[in-house]
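See below for the structure under consideration.
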Amino acid sequence: MPENNKKEYYPKYSDIPEIKKDGSENIRYDNPDFPLFCRRNDIPANFVPLKMSLHWHSDVEFICIRKGHAFYQLDDYTVRMNTGEGIFVNSRQLHLIVLGDEECQLDCIIFHPMLLCSSKYIEEKYVHPIISNPSVPWLLFHDSIPWEKSVLTKLSLLYELSKKKNTELEMIKTTFEIWKLLYDHVPGIVSESHSCNESYAVFQKMVACIQTHYREPISLNMLCKAGGMGRTACTKIFQKYANSTPIDYVRHYRIAKSIELLQSTDMSITKIAYETGFSGASFFTKTFKEITGITPGQMKKGGFIDV
């Protein structure tokens, strides 16, 4: 365990995101032909996420807090969610969940918008206006507001249905009901959302560059070229959206990829070091312990919490 005695949470290999060429996450649905993901997570206190947890995907995401509280970083804004509250994260919005100093239980519901697109007409009239709306990157739900409480109730129902067999039609029906609530109420609460901006899109390009080239040497100039900006502006954008320097973000991403290899392969630590962009095993081990609190060898022997 780490020397600071904090519990560290490392995702199971099956939960580690698969990254597409554009830098977005490819959600691993249990059934690729039915793109709806439901999971309940019990996360220990003092969860320390790796920087690679900052991600985006084409799918829409809902989170419901059942116990404790959590913070969501969205764009350059941080939202606190308490027990009984939830959030909608729109398609292709950069986000990161951060837990506090207490245990948290949350439900995660993700589905691809195609699930709602029964026809081109439905897609253009009801789906596209929400997922392409830059004024609605996310929405926070409170159980004190009737329509928002209804969304939270239906999200809980989706999770319960996912545990049963032959409920796909009922699950689709419930997703349509949730979407109708969003469609009916989004216009009245657009002003409460945090709008996107050009620097956010630039940051996504630079993160995609890291995710594509992390095995290779990555310099600040390389990231600046990917974002089409100078060194100072690049550093400010990473500080704004990731609370990190560009190079520190690269270090965390490489460590996250090394954890995937440590858990899923029999590769030697030296080979993993080179595979994830480090100059050697010694520097890799030093960096790994600085970030995680344990050595790669301890990780390989099972020195992590798998929840």
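Just so it is clear, none of the values below were taken in a lab; they were calculated from the coordinates. These numbers come from a predicted model, not from an experiment. Every residue, glycine as well, gets a Cβ built from its backbone with ideal geometry; the counts of neighbours run over all protein chains shown.
Measuring spread by the Cα atoms of the stretch 198-300 yields a radius of gyration and Dmax of 14.4, 43 Å. Calculated FRET efficiency, ILE247 to HIS142, Cβ-Cβ distance, R0 = 41 Å: about 0.55 to the nearest 0.05.
Here is the list for the stretch 206-238: trypsin sites (Lys or Arg not before Pro) lying in DSSP coil, each with at most 15 other C-beta atoms within 10 angstrom of its C-beta, are ARG215. Label-to-label distance, GLU124 versus SER150, with points set 7 angstrom from Cα along the beta-carbon direction: 2.8 nm. You can think of it this way: the chain between LYS225 and GLU198 has 8.1 nm of extra reach, that is 0.36 nm per residue less the Cα-Cα gap. Averaging 1/r across all pairs of distinct Cα atoms in the stretch 31-192 and inverting the result yields a Kirkwood radius of 16.2 Å.
Checking the Cα-Cα distances for LYS67/LYS165; LYS173/LYS205; LYS205/LYS240; LYS67/LYS205; LYS225/LYS271 against a 25 Å cut-off, the pairs over it are LYS67/LYS165; LYS173/LYS205; LYS67/LYS205; LYS225/LYS271. For the pair GLU170 and LYS205, a Förster radius of 51 Å applied to the C-beta separation gives a FRET efficiency near 0.80, rounded to the nearest 0.05. Label positions at GLU102 and ASP42, each projected 7 Å from the Cα along the C-beta direction, are separated by 1.7 nm. Put a dot 7 Å past the Cα of LYS240, heading toward its Cβ, do the same for THR212, and the two dots end up 2.2 nm apart.
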